[in-house]
Amino acid sequence: MALATSTGSGKSLAFWLPALTAVREDALDRAAASVLEAGRIETAARRGSVLYLCPTKALAADQLSALDRVLEASRRAGGGAKVDLRVATCDGDTGFEERQWVREHADVVLTNPDFLHFALLPDHKRWARLLRSLRYVVVDEGHAYRGVFGAHVALVLRRLGRLAAYYTRVPGAPGTSGPTFAVASATTADPSATAARLIGVAPEDVLTVDDDASPVGRKTFVLWEPPELPGGDPLEAAAALRHAGEADAALVESLVVDPTAHDDLGLVDEPDAPAVVGDAPDRPRRSATAEAAHLLADLVASGARTLAFTRSRRGAESVASATQDHLRHALGSGSGSDGEVAAASVAAYRGGFLPEERRELEEALRTGLVRGLATTNALELGVDVSGLDAVLVAGWPGTRMSLWQQAGRAGRAGAEGLVAFVAREDPLDTYLVHHPEAIFDASLEATVFDPSNPYVLAPHLCAAAAELPLRADELMRFGDPAHVRELLDVLVARGALRRRTSGWYWTHARSAAAMADLRGPAARPCGSSRRRPDGCSAPWTRRRPTGPSTPAPCMCTRGGRSSSRRSRPGRRATWRSRSRSPGPSTTARGPARRRPSASRPRSRCSPAPGPPRRPLSTVTHRRQGVTFAGATVRSR
């Protein structure tokens, strides 16, 4: 199912109410069965569960707060009866004990694709209770999954559906059952096609809900171009006038102080008028960051609750600091003065904060303790803060989808709102300010991603085989079966997977999920990046690079089953134990004393001399480890 209505239209209630109702009904049926026929195992019923996925932790925390309010309202409507639903977030900030409680007891789990890929799916046996009872999978902010990140998330969702079908399969019964997927997005051009490509089904199998009947308040949209900086370069102004033969000192001074003073002199329409400094097309303007800080200070001083979106973390901190300075200067800087009180209500929100600090800022924004918040796009996706009056967008966010998502934070629940796009000194921003039709009349961008990309699909096939052996009838989940089988043949030929009559198997000790980084490159060599720049965790020796900015590939045997010193197909390596080296020991900084190459001991990760390296096009495997594209290998 695809939910595609505008921001603030109630999409969260549209997928939460049926999901919570299904879980609640399962709980009631289970309780009734246990009372009527206690002690009979055939009456045992599994309690349903819901998995909610969103791109950011801030959105998960906001949805948790909203769910708590919904459950509290349900409890009051039921006469104070306790609502037996257990809701919790589980991500990288969750402690070990709390994570164990979520595995064993939670009915609704709110997390993100990263946790799903790195923790839940590889350790699926511990999460068997959740996967076995999974009824709904909610994918919020579906438009955010685009590009390489979207391709990764699409394959993660297909792996999730595969495991859920495995745990819910009834022995001896034909077919499989699985959860219902709901993809919600307010800004997507083709919701049915996007949802179908994301979860791996045909577009005609997706039910699209795009009829928006929610109340919408009036929203004022301002395109704001910062003013030109006062004054100018006196040398440039004087040179321009001398070049025109009109080097009048008084006129030079008037033009430098006020570039528009020539309008009063009547020189605009004269054919022999001197060059006017104020009409120069490349005249510098005030920065969007400084202008956003002034606007935020004015809005906070007038009592409006405002979000200011910036392009970077540094920009968020700069806007917040400048706004506080403006408020102190305008309202007073003494202890307990209005300026200090107003400055205390302005803060910055960005990545890098501790979880406690993020939750504190989010709660302060909801309660109104923080009236002005300068933030990155961390608060762009779906955070529902009722009562926000205005939104400032400092600089073009990159896409119309992001612009309308940020603008949707203001004027929610039918209230009026103000949105101001502050242009940077950039040709694209300047064009958009002077051509509003490029913003308001153009359609939204398509959500483009390609799950069949071999550089993205290959590590996920390895991860899927590590979770459960891949069967021939499951290849359709990952795309065209012929294309998937061809890629599996490459992985088998390279040694990444092993082919058996029953399927494809992952036989390496290291985690296959670590080979794919959802928000980074398509893969990380050796699956880890602890000490070596190429990802291997073994000690190594720095040597002369074999190419421009290309680290030597990992040649270590750590994590493998064999310690043979013979060269492997596709590589040439020398493996020598440090304890047997007759010369000085080799440290992480290189050999203590340089010796001839024939007798110099080599590090475990030192490549042997050989022919020039060539770039790797697909996947290179060695029995001791796997290295994907981005490294180089030796060729015979």
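The values are calculated or read from the model by the stated rules, or taken from the named source; none is laboratory data. These figures come from a predicted structure and were not determined experimentally. A quick note on method: Cβ atoms are made from the backbone with ideal geometry, for glycine too, and the neighbour counts reach across all protein chains shown. What goes into the accessible areas is simple: the full protein's heavy atoms, side chains included, and nothing from ligands, DNA or RNA. Shrake-Rupley method; radii C 1.70, N 1.55, O 1.52, S 1.80 Å.
Some values worked out for this structure:
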{"quantity": "Rounded FRET efficiency, nearest 0.05, which uses the C-beta distance separating residue 126 from residue 13 and R0 of 35 Å", "calculated": "0.65"}
{"quantity": "In Å², nearest 10: area of residue 489 left accessible to a 1.4 Å probe", "calculated": "80"}
{"quantity": "Potential lengthening between residue 76 and residue 437 on full extension [0.36 nm per residue; Cα-Cα distance subtracted]", "calculated": "125.1 nm"}
{"quantity": "Sequence-distant residues sharing a close amide H with residue 305 (under 5 Å, placed H)", "calculated": "389, 390"}
{"quantity": "Simple spin-label estimate for residue 340 and residue 428 in nanometres, 7 Å along Cα-Cβ", "calculated": "4.4"}
{"quantity": "Extension gain (nm, one decimal) between residue 105 and residue 366, 0.36 nm per residue minus Cα-Cα", "calculated": "91.1 nm"}
{"quantity": "Accessible surface, 1.4 Å probe, highest first, among residues 219, 11", "calculated": "219, 11"}
{"quantity": "Per-pair calculated FRET efficiency, R0 = 45 Å: residue 97 and residue 290 via Cβ, rounded to 0.05", "calculated": "0.45"}
{"quantity": "Theoretical FRET efficiency, 1/(1+(r/R0)^6), r = Cβ-Cβ of residue 84 and residue 207, R0 41 Å, to 0.05", "calculated": "0.85"}
{"quantity": "Relative contact order (percent, whole number), segment 289-447, Cα cutoff 8 Å, 6+ residue spacing", "calculated": "24"}
